[in-house]
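J.: Structure in structure tokens, see below.
The values are calculated or read from the model by the stated rules, or taken from the named source; none is laboratory data. If you're wondering where the values come from, they're calculated on a predicted model, not measured in any experiment. Ideal geometry is used to build each Cβ from the backbone, glycine not excepted, and the neighbour counts take in all protein chains shown.
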Amino acid sequence: MAQVAAASRERPGALSDQESRIGMQKNLTGIGIDAPAESDAPARLGNFARIAVLLAVTFAWVVGAYWQTASEIGAIWWRSDTFAHGLVVIPISAWLIWRKRDQLERCAVRPNLFFVLPMVLSGMAWLVGQISGVAAMSHLALASMLVFALAGVGGREVSRVIAFPLAFLYFGVPVGEFLLPILMQYTADFTVAAVRLTGIPVFQEHLHFVLPNGRWSVIEACSGLRYLIASAMVGTLYAYLNYVSFKRRFLFMLVAIAIPIVANWVRAYITVMIGYHFGSEFVQGFVHIVYGWVFFGIVILLMFAVGARWREEPVADLPSRMPAGPRGQQRWALIVPLALIAVAFPAVERFLDEPDRPYALEIPLPGAASQWQKRTQAAPDDLDYTPTSAGHRAEAYEVYADRSGRTVGLYVAYFAGQRQGREMVMHGNRLDGVEQGGWTRIETDTEELAFGPVVHAGMRGKSDNIVDVWSWYQIDDRIVTDDYLAKAMLLIDRLTGRADASALVTIVVARQGPPEDSRRLAERFMEAHGSELVRLLDDLAERR
């Protein structure tokens, strides 16, 4: 009797629990949410872990296959202040994926061959970048390969959930240095205009300007590029975390790009004004750098504070039922072709690439033509500007003089077997004059001389002497002044099995009167020596 009574006392409670569970399921179903069975919970709890492991293995697989390019990117992050933000891009992306863990718990992993085409295009772009020596293309292509590989192995459902964390990886690509001359010029122009509005007389020469008590220059560190890239990254992240609508996110991203540009102009103006009133020594070196970052930090904090006023509350994601059984597992075999495509292009690159064999080489410059002679002694003081370049196989410099004693410097850097670090067209090799040894660039433009289009630069020395510099790329018998065209021509040569031998040619003339006099002297020199120079370079390529 006691047992029966106990059973009768327990039964109402048991029925109540069951009814409450049934009632909860009905309530969830009524608002459009399918309540999972209790037996599904352990499987769901392990689903995010499986997705995380799959993404981590895919990441390691792609980075390992493209390790040389990945290590180049990492080295740039480590040594460059401009791209140091790249060190936190991957951790932030991983954290953003972690924030999506509840949604990923309910996502089925279905590898998708839809991403094969973008992976192939990314691999081809990487291969072109490697062959042509365009590091930025290789780096951007690796990021694309990584993004599409991760999306491919996860499938459409997973990739939709982590679309932004994957796209955020593009901020790790160290590109943007092509903006340096543009940002530097705008910074110089704004600073000069603001100083003039203040009532202080100022004389401007390109990126350099002179005030009554000092000379100023806008260098690469003053361009504001590092502020722009850092602001674009944190601004995009802030917009993603604090806004829901596409319109607000897009507008805040535009503000995050515009604000650092304008703020850098204001910072440069304030720096010049402080130097004008308190002495340029007050804003040099460490103080200059620290002041810049403090000013930038205050501007960004104000931007975030204003942006917080329009913050939107995130919309809760409704859970969906994860497919179970074979339906969720049947596409695992599709990972194999995705993995093979990812590693195929490095194998092709190793097949096409030839080992870099060092060899001794001397460049024979043209002998002095009639009415010209080579100077055996050191260059005169007004022609002590010596062009330089990096990555060449050999270089040579000679000074020629005409009958009147006017001198012309001829510099030739020869490139062949070009690869990363040994390209003719790369950062550091400039056609518009190299600022070194106290020389500053005061003007630059493209001119059409009698022998072809060339890039002209006016360089001012420490003693205020000016030299005119004309430079161009000599590819076969053609004069090229556009970096992109030169890269394309050299790429075609390599893809068609031809030698990529080429030269960077520079003529230097001391300005002793109007610029037209220097230009005519350069034209006379090339009229007398140009054809011989091209012949010697052709012979050099054939001997190699």
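J.: Which of the following residues is in the same structural domain as Ala84 (by TED's automatic domain parsing) and modelled with pLDDT of 90 or more: Phe250, Phe345?
T.: Matching residue, one of Phe250, Phe345: Phe345.
J.: Return the total of residues in the range 62-89 being under 18 Å from Ala342 (Cβ atoms) and more than 14 Å from the chain's Cα centre (by Cα).
T.: Within the range 62-89, residues that are under 18 Å from Ala342 (Cβ atoms) and more than 14 Å from the chain's Cα centre (by Cα) number 8.
J.: Follow-up question, since we're still on this one. Given the conditions (1) crowded, with 20+ Cβ neighbours inside 10 Å; (2) in the same structural domain as Phe59 (by TED's automatic domain parsing), which single one is not true for Ala230?
T.: Status for Ala230: all satisfied but (2).
J.: Going through the range 398-439 one residue at a time, which ones are of a type in the set (A, V, I, L, M, F, W, C), in a loop (DSSP other than H, G, I, E, B) and touching a Leu at 6+ places or on another chain (Cβ under 9 Å)?
T.: Ala416, Met424, Val425, Leu431
J.: For Phe171, state whether it is closer than 30 Å to Asn112 by Cβ and at pLDDT 90 or above.
T.: So Phe171 passes the test.
J.: Take the residues of the range 161-206 that are of a type in the set (Gly, Ala, Ser) and buried (at least 18 other Cβ atoms within 10 Å of the Cβ): which is farthest from the chain's Cα centre (by Cα)?
T.: That would be Ala194.
J.: Something else: What is the residue count in the range 440-499 for residues that are surrounded by fewer than 16 Cβ atoms within 10 Å (Cβ to Cβ) and assigned to a strand (DSSP E or B)?
T.: 7
J.: Would you tally the residues in the range 68-101 being of a type in the set (A, V, I, L, M, F, W, C) and either within 24 Å of Gly129 (Cα to Cα) or not in a helix (DSSP H, G or I) (or both)?
T.: Within the range 68-101, the subset of a type in the set (A, V, I, L, M, F, W, C) is 70, 73, 75-78, 83-84, 87-90, 92, 94-98.
Checking which are either within 24 Å of Gly129 (Cα to Cα) or not in a helix (DSSP H, G or I) (or both) leaves us with 70, 73, 75-78, 83-84, 87, 89-90.
The number of residues fulfilling the criteria is 11.
J.: Picking from Glu443, Glu523, Glu516, which residue would you name as being without any contact (Cβ under 8 Å) to a residue 12 or more places away in the chain, more than 25 Å from the chain's Cα centre (by Cα) and under 25 Å from Arg406 (Cα atoms)?
T.: Glu516
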